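This report refers to the structure that appears directly beneath it.
The values are calculated or read from the model by the stated rules, or taken from the named source; none is laboratory data. Only a predicted model underlies this, so the values are computations on that prediction, with no experimental measurement involved. Ideal geometry is used to build each Cβ from the backbone, glycine not excepted, and the neighbour counts take in all protein chains shown. To get the accessible areas, we keep the full protein, side chains included, count just its heavy atoms, and leave off ligands, DNA and RNA. Shrake-Rupley method; radii C 1.70, N 1.55, O 1.52, S 1.80 Å.
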Amino acid sequence: MAGEVDERDLLVAAWDTQRQALRRAVDGLTDQQARDTPSASELSLASLLKHAALGEPPWTPVLHGEGADWSDRDGAAEFEVGPEETLDELLRAHAEVAARTDDVVRALPDLDRTVSMPVTPWGPTAPPRPVRAILLDLLVEAARHAGHADIIRESIDGATAPKLAGYSVDPDGDTP
């Protein structure tokens, strides 16, 4: 049918919107500013980027129904940015992982297929879930990180997400 939009394309587009918001939060910042933790959170913009880049790939086997054992996975280490890592490298890694994950999502045969959830060190293994539900959870997680990034960025230099996205803001603070 002409004009029909594929659900996978909608999911990928929504997920990419959140990824772009995370990447946009570092626009114009130095490596040091991206490492700063100016809010009550221990998170920095660099640590959010690193976590996002490291957090997506382990889901590929799960989405393919291959199962996964994450018993040895150190979730906290995914947020640790080494002294040699640059903002440019983190941005590049995040974009490359996003492109690979998007390809995986577009190639999934059936979003209704139920798959086993990974074994994790941070809680009991969840019951099997439909692939669609996992993708929606991952999209929500990306949005959560983008929101954290908004707060951190505003704490660094006052830049807000609408301004970074190129929206003009009227004196009342409303965006068009």
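All but one of (1) open to solvent by 40 Å² or more (accessible area, probe 1.4 Å); (2) under 25 Å from S47 (Cβ atoms); (3) touching a residue at least 60 places away in the same chain (Cβ under 8 Å); (4) not small (G, A, S) hold for R100; state the number of the condition that does not hold.
Of (1) open to solvent by 40 Å² or more (accessible area, probe 1.4 Å); (2) under 25 Å from S47 (Cβ atoms); (3) touching a residue at least 60 places away in the same chain (Cβ under 8 Å); (4) not small (G, A, S), only one is false for R100: (3).
Regarding T86, is this residue among the hydroxyl-bearing types (S, T, Y) and closer than 22 Å to S39 by Cα? It would help to see each step written out before you state the result.
Details: among the hydroxyl-bearing types (S, T, Y): yes; closer than 22 Å to S39 by Cα: yes.
So T86 fits the description; yes.
Given the residues G173, G166, which is the only one that is in a loop (DSSP other than H, G, I, E, B) and either modelled with pLDDT of 95 or more or closer than 20 Å to A13 by Cβ (or both)? Working first, answer last.
Values: G173 fails: either modelled with pLDDT of 95 or more or closer than 20 Å to A13 by Cβ (or both).
None of the others qualify; the one that does is G166.
Please state which one of L111, L139 is touching a helix residue (DSSP H, G or I) at 6+ places or on another chain (Cβ under 6 Å), closer than 26 Å to P58 by Cβ, touching a residue at least 12 places away in the same chain (Cβ under 8 Å) and in a loop (DSSP other than H, G, I, E, B). Outline the logic, then answer.
Numbers: L139 fails: in a loop (DSSP other than H, G, I, E, B).
The unique qualifying residue is L111.
Hey, any hits in the range 78-101 for a residue that's at pLDDT below 95, in a helix (DSSP H, G or I) and over 13 Å from W15 (Cβ atoms)? Explain how you work it out, then say what you get.
Narrowing the range 78-101 to residues at pLDDT below 95: 78.
Imposing the further condition that a residue be in a helix (DSSP H, G or I) reduces the set to 78.
Those left that are additionally over 13 Å from W15 (Cβ atoms): 78.
Within the range 78-101, one or more residues are at pLDDT below 95, in a helix (DSSP H, G or I) and over 13 Å from W15 (Cβ atoms).
Of the conditions (1) within 16 Å of Q20 (Cβ to Cβ); (2) surrounded by 15 or more Cβ atoms within 10 Å (Cβ to Cβ); (3) under 16 Å from the mean Cα position of the chain (by Cα), F79 fails just one. Which one is it?
(1)
Give me the pairs, please: first residue somewhere in the range 76-93 and of a type outside the set (V, I, T), second residue anywhere and open to solvent by 40 Å² or more (accessible area, probe 1.4 Å), beta-carbon distance under 7 Å, and either six or more positions apart or on two chains.
Sorted first by the residue in the range 76-93, then by its partner, the pairs are E78/L54; L87/D31; L91/R23.
Considering only the range 34-50, I want to know if a residue exists there that is surrounded by fewer than 18 Cβ atoms within 10 Å (Cβ to Cβ) and in a helix (DSSP H, G or I).
Yes, the conditions are met somewhere in the range 34-50.
In this structure, does D72 turn out to be open to solvent by 60 Å² or more (accessible area, probe 1.4 Å) and at pLDDT below 95? Walk me through how you get there before you give the answer.
Numbers: open to solvent by 60 Å² or more (accessible area, probe 1.4 Å): yes; at pLDDT below 95: yes.
For D72, the condition - open to solvent by 60 Å² or more (accessible area, probe 1.4 Å) and at pLDDT below 95 - is met.
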